[in-house]
Amino acid sequence: MELKMKHLSSQRGWEIVEEKWPDFKGRIFKNRPKNLNEMLENTVSRNSNRVGLICDDQKLTFKEFDQIVNKITKGLQKYNIKKGDRVSLLLGTGLEFPLSFFALMKLGAIAVPLNTRFKGEELSYEINDSGSKILIVDQEYWPYIDSIRNELKTVERIFFNGLDVPKGVQSFLELKENKVDKFTKIEPNETDDAVIMYTSGTTGKPKGAILYHRSLIATAMHVSDFIAYEPEDRIICVVPLFHITGLAQIMLSHIFSGIPCVYMRTFKVKDFLEIMSSEKITKSISVINILWLMINHPEFDHYDFSSFKIAMVGGSPATEEMVKGILNKLPYLKISVGYGLTESDGIVSSTPYEDAIRKIEAAGKILPLVDAKIVDEEEKELSPNRVGEIILKGATITKGYWKNPEATKTAIVRGWLHTGDIGKLDDEGYIYILDRKKDMINRGGEKIFSLEVENVISRYPKVLEVAVVGVPDKFLGEAVKAAIVLRPGQTAGEEEFKNFCAEHLADYKVPKYVEFLDLLPRNPAGKVVKGNLKYIKK
């Protein structure tokens, strides 16, 4: 028998109804756009002359943005891009991404965002796997495409965003400055595919999660509802747009709500401080490490952050030291810790601001349109506070993986998405993320959650950041390793940390290996790449 889920209520009082589609039955916001095109149209009609998108010296009102989108739409239609066609976007965090994205939505096409840190073979795999007909690429990433041009099996045209357009490709300006903006309008259905977003591929080749109009709108509304955007709000985007946080939680939510967003192409802490202060940013969505670096910058006190009121964070553990340190430096800030993944269109849980400290180890309560359960290996639902795999169901969950029915069948069982995350739900309905299944350390049959060890080490005053992983051990299968970044000016030795851990953890959880690093390896979304730490330093 299923336990009754304790959801968060709509913060804005939006009506939630039960609806049935051929693919799903569940809760959804009643008053919602039926597709992403309608979402943009609503915002343009309400906020026509308001500046909505900012990047460096570029500023576009929502009307100007829509006009350029229409020109790009017409240009792509001229080259026979139609409903269901895939178009790959190798674009940085700038205005070209949302412009191209919404042009594709107006054609009923499918956007394929590509990881801008990928190189030739990685890019060619995703472009070919998606069957993309067109590729739009920023100048700075061109060398990686140039090296694989002959390997792209389905790409008919490449549009180059930059000066000095290479031979054999076309300028993106040809689309952006199209003199005709009339086109045949497509009205996608709610269940039509909108995005193929490839997962990180930590367990093999990347898999393309299929995200569709209804799921992306549900996520945009979830975020807009929880963070409660007001007309005076201004948000910043410092995470990649090929990542679900950047695309759905930031880009789509700010456009849905008609509030301005400053897109920051390259994250540098000092530049971030200057933009947060000069643009009077009021709210942000990012990994907590961005805020941690912000408050620890030597010039932090030189800037005025009095406008900054709310921060939603996720993607990496938020330790008590981090949250308390941030609130100490930014006393008017409200922090909410959340949880989500690509296959759930991003965020599925968030912590009410008043519980940021009381529930510091949790990742929030489940948002209104999603259900969550903790199950054992036999998929039996577990009672509160028992540890198992987190599975999810609801309006934001992916349809499955592009051209990969076997992976889809494994991941989605009777409508429930198996996340591969290990966690628990407490009596109040708060969800706790204890580990990834693949990151859980097995030391001679003893299961060790890396997050538990990380939380202990992060309390040590000399520590700036820490990541804990399992490394091979010929006697016990795996041993615990801690990779530590010390605070500036601090020094420490391995035994110092082993002794500290021994005071707070069972002996089998104490790291056998301690390595000191200048930086932890991270992916573009800010998550620590633990696979890069799974070695024993000789």
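The values are calculated or read from the model by the stated rules, or taken from the named source; none is laboratory data. Note that the structure is predicted; figures quoted are calculated from it, not measured. Cβ: placed from backbone, ideal geometry, glycine included. Neighbour counts: every protein chain shown. Each accessible area value is taken on the protein alone, full model and side chains, heavy atoms only, with ligands, DNA and RNA left out. Shrake-Rupley method; radii C 1.70, N 1.55, O 1.52, S 1.80 Å.
What figure, in Å² to the nearest 10, do you get for the accessible area of residue 105 with a 1.4 Å probe and non-protein molecules left out?
Spelled out: residue 105, probe radius 1.4 Å, area about 0 Å².
Compute the Cα gyration tensor for region 405-457, then decide on rounded, prolate or oblate, letting a ≥ b ≥ c be the square roots of its eigenvalues: rounded whenever a/c is under 1.5, prolate when a/b is larger than b/c in the other cases, and oblate in all that remain.
oblate
Return the whole-Å distance between the Cα centroid of region 362-376 and the Cα centroid of region 251-266.
First find each Cα centre; the distance between them is then 27 Å.
Over the Cα atoms of the chain, each weighted equally, I'd like the Debye log10 I(q)/I(0) at q = 0.12 Å⁻¹, rounded to two decimals.
Rounded to two decimals, the profile gives -1.21.
Could you state the number of Å between the C-alpha centres of region 315-361 and region 135-160?
39 Å
Rounded to the nearest Å, what's the spacing between the alpha carbon centres of region 59-100 and region 472-538? Just the number, please.
First find each Cα centre; the distance between them is then 45 Å.
Order the following by accessible area, largest value first: 214, 27, 358, 157. Probe radius 1.4 Å; ligands, DNA and RNA are ignored.
358, 157, 27, 214
Determine the gain in length on full extension of the stretch residue 515-residue 83; use 0.36 nm per residue of separation and subtract their C-alpha separation, reporting nm with one decimal.
150.4 nm is the gain from fully extending residue 515 to residue 83.
Which net charge results when you count Lys and Arg as +1 and Asp and Glu as -1 among the other residues whose beta-carbon is under 9 Å from that of residue 128?
-2
Taking 0.36 nm per intervening residue step and subtracting the Cα-Cα distance, what contour gain separates residue 146 from residue 268 on full extension?
Going from the current span to full extension adds 41.1 nm.
What Kirkwood Rh does region 13-69 have if only Cα atoms enter the pairwise 1/r average? Answer in Å.
Over region 13-69, the inverse of the mean reciprocal pair distance is 13.5 Å.
Considering only Cα-Cα distances, which of the following residue pairs are longer than 22 Å: 74/133; 373/409; 424/512; 133/207; 329/509?
Too far apart for the 22 Å limit: 424/512; 329/509.
Note the angle between two axes, namely the Cα long axis of helix 269-278 and the longest principal axis of the Cα atoms of the chain, as a number of degrees from 0 to 90, rounded to the nearest 10.
60 degrees
Which sequence of 14, 292, 21 reflects their accessible areas, 1.4 Å probe, from the largest down?
Heavy-atom accessible area, descending, gives 14, 21, 292.
Quick one: if you stick a label point 7 Å off each Cα along the C-beta vector at residue 414 and residue 31, how many nm between them?
Inter-label distance under the simple model: 3.7 nm.
If you build the convex hull over the alpha carbons only and average its shadow over all orientations, what do you get for region 424-509? Give it in nm² to one decimal.
Orientation-averaged projected area of the Cα hull: 6.8 nm².
When the chain is fully extended, how far beyond the present Cα-Cα distance does residue 23 get from residue 187, taking 0.36 nm per residue of separation?
Net length gain for the segment: 57.1 nm.
Roughly what would the spin-label model give for residue 51 and residue 503, points 7 Å off Cα along C-beta, in nm?
The two pseudo-label positions are separated by 5.2 nm.
Compare the Cα positions of 109, 99, 134 along the charge dipole of region 97-136 (+1 at Cβ of Lys, Arg; -1 at Cβ of Asp, Glu; about the Cα centre) and return the one farthest towards the positive end.
My answer, from the dipole projection, is 99.
For region 193-301, what class follows from the C-alpha gyration tensor (a ≥ b ≥ c being the square roots of its eigenvalues): rounded when a/c is under 1.5, otherwise prolate if a/b is larger than b/c, else oblate?
oblate
Against the longest principal axis of the chain, how steep is helix 213-227, in degrees 0 to 90 to the nearest 10, with axes from Cα atoms?
Taking the Cα atoms of the chain, the angle to 213-227 is about 60 degrees.
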